[in-house]
Structures are given as C-alpha cells and as structure tokens.
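Please treat every number below as a calculation from the coordinates, not as lab data. Since the model is a prediction, treat every value here as computed from it, not as a measurement. All Cβ positions, even for glycine, are placed from backbone atoms using ideal geometry, and neighbour counts span all protein chains on display.
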Amino acid sequence: MHHRETCLAEASAVNVTVNIYLRTISKIDDVSMEYSCQISFREQWQDNRLTYNDSYFKYVNLPDPERIWRPDLFFSNEKQGHFHDIVMPNVLLRLYPDGRILYSVRISLVLSCPMKLHYYPLDNQFCVLEMASYGYTTDDIVFIWKADNPVQRKPIVELPSFELKDISTSYCSSTTNTGQYSCLRVTLKLKRQFSYYLLQLYIPSYMLVIVSWVSFWLDKEAVPARVSLGVTTLLTMATQASGINSKLPPVSYTKAIDVWIGVSLTFIFGALLEFALVNYAARRDSKEQLKKDRERQEQLTLDLMEDGCGTQMVMKPLFNNSDTTPFRKRSWKGYETHDIHIEPRRKRKRGCYTSFLSHYKDRAKRIDVVARILFPAGFALFNVAYWLGYMLPEKVVDMA
C-alpha cells in the first residue's frame, strides 16, 4: 500500500470526476441552521495499475473497497453522517479493463447551512454541500464535476416548509499552510413556503388588529368592555409573537416577521392608549360642564336676588328712532344724528375636517371619530410599505 501511494505521488495529479444523485432532503432546521439529506455519491478516476485484458467481462465489481486506493474526499460542512448497511452495504466499486474505477456509495448527511433571516418568512435560503480533499493537494488530486448533469435529483423532492428552486455547482479550492486543496460545491436554492405563515400568523394578526378597533365604536362610558377588549387583543398578539420566535434562533438583526409583529402590537397598544385619552377627555369635559352649570346657577341666583329688591334695570334708547326711515338725519340739541346699522359678523369658512368634527361637541367623541379614520389608514399604509419593501427585493433576486 505504501508503494502504491509513492507511485501516485511521483505521477501527475489524478483527475477525479464527481457526480451526485440527490435522493431526499428530509429536514431544514432554522434554529440549528442545518439540513439533512441523503445522496448517492459517485466518483470516477483512472488507475493504470489495475488494468487487465479480458474481452469477456465488460467490468468487474470488487467486493472489498478497502483493498484499493481511493481519494480522501470529505464533506467540509458536515455535522453528522453515516453509511447504509441494510440489507447489504450500499457500496459499489466497479473496475473496467482500462483501469477506470467507479466508486458509488449511499450516504445520509446532516450539513451546516448558515441562514440569513432578514426577510423571514419571505426569504430564500442558499444551502451548500462542500467536498474537498483532506490530505492530498492539487499536485496530487484534482476534483472536477462531471460534464453532463453533475447533480441529478428525483423528479419530485418534497420539503415540509421549503421549495427546492434550483441546484448549481461550482469550485471552491482553498489554500492553507499545507498547500492548495481541490474543492467542489453544490448550492441548493430553497424558497420558504409562505402559506403556513399566512394562515398561522398574518391572517390572525390582521383579525386581532381589526378587533382592537372595535373599541372606537363603543361608548366612552363602557369602560370594562373597552379595557378588556384592548388588553385581551394585546396579550393574544404577544403570545402569538412568542410562539413564532421560539422556532427561530436569537439573531442580532431585525427580521421581517419582527417588523410585522412589532407594528401590529403598536397598533393594538395604540388603541388601548386611545381609550385612556378618551377617558381623560371625557372627565375634562364633565368637569368643564359642571363648572359652567355652577356659574350659570350662580348668575341666575344673583338675578333673582336683584329682582326681589325692586331694582329695575331698563335701558333707554340712545336715539329717538320713531322715524323708521334708514340713514335719515335728525337733530338733537344742535347735533346731527344718524341711524346706526351694524353689519353681522361674517362667518369663517371652515374646512371639511373642522366642519365634520363640529358635529360632535364632546372632545372624547371627536377623538374616537378621528381614531376610526387614522388607525385603518395608517395600518393600510404600513401594509403597502411592508409588502412592497420585503417582496420586491426577493423577486429581483429570483430574476437575477
């Protein structure tokens, strides 16, 4: 064996052609940032030391792969992996007369997949499968992809929460202190299925936000109903947010789902604060009304007291207006006098907003009416900005 490796080192680099058959992708874990897959890994190379002359056999299947030299390929982003031995070891080693060797083995792998969750759950993820030589540099071994269809897959690869959009291959040779090593990479483009989050998060949060606006139509005196409605929707939304975040890793950046939950909680909390403002305005209106009633009562009491003393307060006309002809000059002790005509004060033109609110005398009622318009309008504008901001960049990436 030592002699064979020495001969290999003295010769030129061995070209190892690699291709993969992707059988299944069983699990993609967002918390651990890993995925599980099962592949049939195949590699083919030339070893002239094993040539033989035999016109009868097209090839020979060798029973023991351990007896010949094989490339020392390993999966650089592997976390766990194992071969399959049921019912027999799932290994194929085929030797052709010209010295070509085909090695095929079925492997189950758990691979690391660092994810960028900025657009979660409207995101696309790129998971890789990297293979490299562990001990032989590019002077000894060079891995190359098979020219025709290097990665095959089943016609239907079903995933629970993702859709496999594309598979691409590339090279990732690296240089370390011990030399340059050949490396191959498979990139899986995975698009997250949105239907689950639409049914479990977005539609329920829509309903909770809209239900919180019902308090704007309740009477300001219905304090228990409005408070319980606001607190219940707020707690329900907070519980839903904690359930969603428990399925995600604690990342330092803001995700799309964090923006949605945060704004939804803000609208629900704002509806609760709006009732506090309405209650405060209603108490102020009540105090001012009581003050006006007290002043009116005191003035009425003073008038009654003055009438009871016999005091008569009658204002005499300033001018003798027996002549009803307007603008006619009359004299009074040598002075000319005129009839006085006072034009009524012109009313200010009110805007539509002021004119609309003038129908409601209570400030508390005005706050409720304004909230009925501002809250839905603000939430609608947020939805436009949210969906355009998070869905358009993903479409641009897909087109690229």
| query | Running Debye on segment 147-297 with equal point scatterers at the Cα sites and no solvent, what base-10 log of I(q)/I(0) appears at q = 0.08, 0.13, 0.20 Å⁻¹? | reply | -0.50, -0.82, -1.19
| Spherically averaged projected area of segment 5-101 from its Cα convex hull (nm²) | 8.5 nm²
| Per-residue HN-Hα couplings for segment 76-82 [Karplus 6.51, -1.76, 1.60; θ = phi - 60°; Hz; x = Gly/Pro] | 6, 9, 7, 9, 9, x, 7
| remark: Total charge of the residues flanking ILE268 in space, meaning their Cβ is under 15 Å from its Cβ, with Lys and Arg +1 and Asp and Glu -1, is 0
| note | Between PHE162 and residues 5 or more places away or on another chain, the pairs with built amide H atoms under 5 Å apart involve GLN193
| message | If amide hydrogens are placed 1.01 Å from N in the peptide plane, which non-local residues have theirs closer than 5 Å to the one on LYS79? | response | VAL110, LEU111, SER112
| Sum of side-chain charges, VAL278 neighbourhood, beta-carbon under 13 Å (Lys, Arg +1; Asp, Glu -1) | +2
| field | HN-Hα J in Hz across segment 16-22 - Karplus 6.51, -1.76, 1.60, θ = phi - 60°, x for Gly and Pro | value | 10, 8, 10, 8, 9, 10, 7
| remark: Among chymotrypsin sites (Phe, Trp or Tyr not before Pro) in segment 241-305, those in a DSSP loop whose Cβ has at most 11 other Cβ atoms within 10 Å are TYR253
| query | What number, in nm² with one decimal, is the all-direction average of the projected area of the convex hull of the alpha-carbon atoms of segment 53-185? | reply | 12.1 nm²
| note | Note, SER112: beta-carbon cut-off 12 Å, +1 each Lys/Arg, -1 each Asp/Glu, net -3
